[in-house]
1. For segment 113-139, how many residues meet the condition of being outside any helix (DSSP H, G or I) and within 17 Å of residue 103 (Cα to Cα)?
2. Run residue 81 past the list (1) at pLDDT 90 or above; (2) surrounded by 13 or more Cβ atoms within 10 Å (Cβ to Cβ); (3) closer than 30 Å to residue 147 by Cβ and report the number of the one that doesn't hold.
3. Kindly indicate the residue of segment 22-42 that is part of a helix (DSSP H, G or I) and in contact (Cβ under 8 Å) with a residue 12 or more places away in the chain and also farthest from residue 184 (Cα to Cα) among those meeting that condition.
4. Looking at (1) part of a loop (DSSP other than H, G, I, E, B); (2) surrounded by 13 or more Cβ atoms within 10 Å (Cβ to Cβ), find the lone condition where residue 220 falls short.
5. Just to be sure, is residue 211 in contact (Cβ under 8 Å) with a residue 40 or more places away in the chain, within 23 Å of residue 49 (Cβ to Cβ) and part of a helix (DSSP H, G or I)?
6. Consider residue 5 against the criteria (1) under 21 Å from residue 247 (Cα atoms); (2) surrounded by fewer than 21 Cβ atoms within 10 Å (Cβ to Cβ): it satisfies all of them except one. Which criterion is unmet?
7. Please enumerate the residues belonging to segment 56-66 that are part of a helix (DSSP H, G or I) and without any contact (Cβ under 8 Å) to a residue 40 or more places away in the chain.
8. Determine which member of the set 245, 235, 205 is surrounded by fewer than 20 Cβ atoms within 10 Å (Cβ to Cβ), within 13 Å of the chain's Cα centre (by Cα) and touching a residue at least 12 places away in the same chain (Cβ under 8 Å).
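The values are calculated or read from the model by the stated rules, or taken from the named source; none is laboratory data. Since we're looking at a predicted model, the values are computed, not measured. Here Cβ is always computed from backbone atoms with ideal geometry, including for glycine, and neighbour counts include all displayed protein chains.
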């Protein structure tokens, strides 16, 4: 089973994390890379947020985890193209809360790694309530959803109920969420910029991996141990999520996201 968990984490690193590699492309459309000074400011600001999150998490793990979950609910909600804000947020909440219904002990075990000793029982109980509310909101509105959306919702619930929470999240993140974002960004790129975008993306991914190794060393986490690998991957995801969401939302607000 441990090898499957390693593969799930590796998939998140190799197939999921790279969807943020297009962030410089979004920044460029916003005009944030139009000069050398703007390039330095963008990358410095982006890196500062990431590094800050790595340092803040161990000191305030519960606040950091809760913030990450709430931000992720909003971020994932943007994948569900319906007019109702409540429907979109319910979709985002469903993604993260489904595993606690049948795998609460396993989720608690995973959260314990991220909380550095603090109890996650209250958080998990809250997530159970959030699942019930989200499920009911989506159930009462199912007639307004397309066949494709209903299949997606059903698949997500089934996977979240039946699979190990880590494997479930890896499948969702790598096969559904990340490809959507990559496809969206790729389709917006002019053909003559696609090759350069791949080079930039590869550089961003490489920098992310190097930073993860440095952070693991700073937090005394062993990447050869599945718990240490899990902790650094998910704290890393959180650290990357905040600047990524900020950038995407600014671009969406200014009509530069497509």
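1. Total satisfying the criteria: 2.
2. (2)
3. 42
4. (2)
5. yes
6. Residue 5 satisfies all of (1) under 21 Å from residue 247 (Cα atoms); (2) surrounded by fewer than 21 Cβ atoms within 10 Å (Cβ to Cβ) except (1).
7. Within segment 56-66, 56, 59, 63 qualify.
8. On inspection, the qualifying residue turns out to be 245.
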